[in-house]
Amino acid sequence: MVTPAAGSVVLVPFPFSDLSEAGRGDWILCQVTSNPYGDPRAVHLTAASFSSGALRAESYARPGKLFTANQELMVAQVAILNPDARDQVADAIVRLLRGRG
């Protein structure tokens with residue numbers, strides 16, 4: 001089981017097989033994918049976006065694709081965003097939630 005912190009990039013199997021146990025240990029996650037899918041809110045992540053770890057390819061955090069996942073579903077932590085990249089993703093999520101995204 002992974003214990004993530006803000007800015008962690010974690011691996012979660014998809015599709016989920018069992019989401020019946022919501023509650024304690026749940027985290028709000030933002031989808032990270034190698035394709036922005038034409039999403040104007042997608043935050044481009046490059047190798048320079050990480051303070052540790054890495055992704056296999058340049059990727060995109062998609063603030064419009066938020067979901068909750070129980071910590072038990074998290075298979076591994078693969079990277080940690082640097083403070084600037086973490087702020088960009090957080091700002092994009094806040095803009096979206098405030099209707100400005």
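All of the numbers you see were taken from the coordinates with simple rules; none came from a lab. Keep in mind that this is a model prediction, so the values were computed, not measured. Methodologically, a virtual Cβ is constructed for each residue, glycine included, from the backbone with ideal geometry; neighbour enumeration extends over all protein chains shown.
Points to keep in mind about this one:
- Estimated [θ] at 222 nm from DSSP helical runs (n ≥ 4, -39500 (n - 2.57)) normalised by residues in the chain, nearest 500: -5000 deg cm²/dmol
- Residues whose amide H falls under 5 Å from that of Phe50, counting only those 5 or more places apart or on a different chain, are Asn82, with hydrogens built in the peptide plane.
- Segment Asp26-Glu72, extension gain: residue separation times 0.36 nm, minus the distance between their alpha carbons: 15.7 nm
- Sequentially through the range 49-63, phi angles give Karplus couplings (6.51, -1.76, 1.60; θ = phi - 60°) of 7, 10, 8, 8, x, 6, 10, 5, 8, 4, 9, 9, 8, 10, x Hz, Gly and Pro residues having no value and appearing as x.
- Kirkwood Rh, Cα atoms: Rg over Rh of the chain: 0.95
- In order along the range 5-14, the Karplus-derived 3J(HN,Hα) couplings, from 6.51 cos²θ - 1.76 cosθ + 1.60 at θ = phi - 60°, round to 10, 3, x, 6, 10, 10, 8, 10, x, 9 Hz, and Gly and Pro are given as x.
- The loop-placed chymotrypsin sites (Phe, Trp or Tyr not before Pro) in the range 35-84, going by DSSP, that have at most 12 neighbouring Cβ atoms within 10 Å of their Cβ come out as Tyr37.
- A cut-off of 5 Å between modelled amide H atoms, ignoring neighbours fewer than 5 places along the same chain, links Val2 with Met74.
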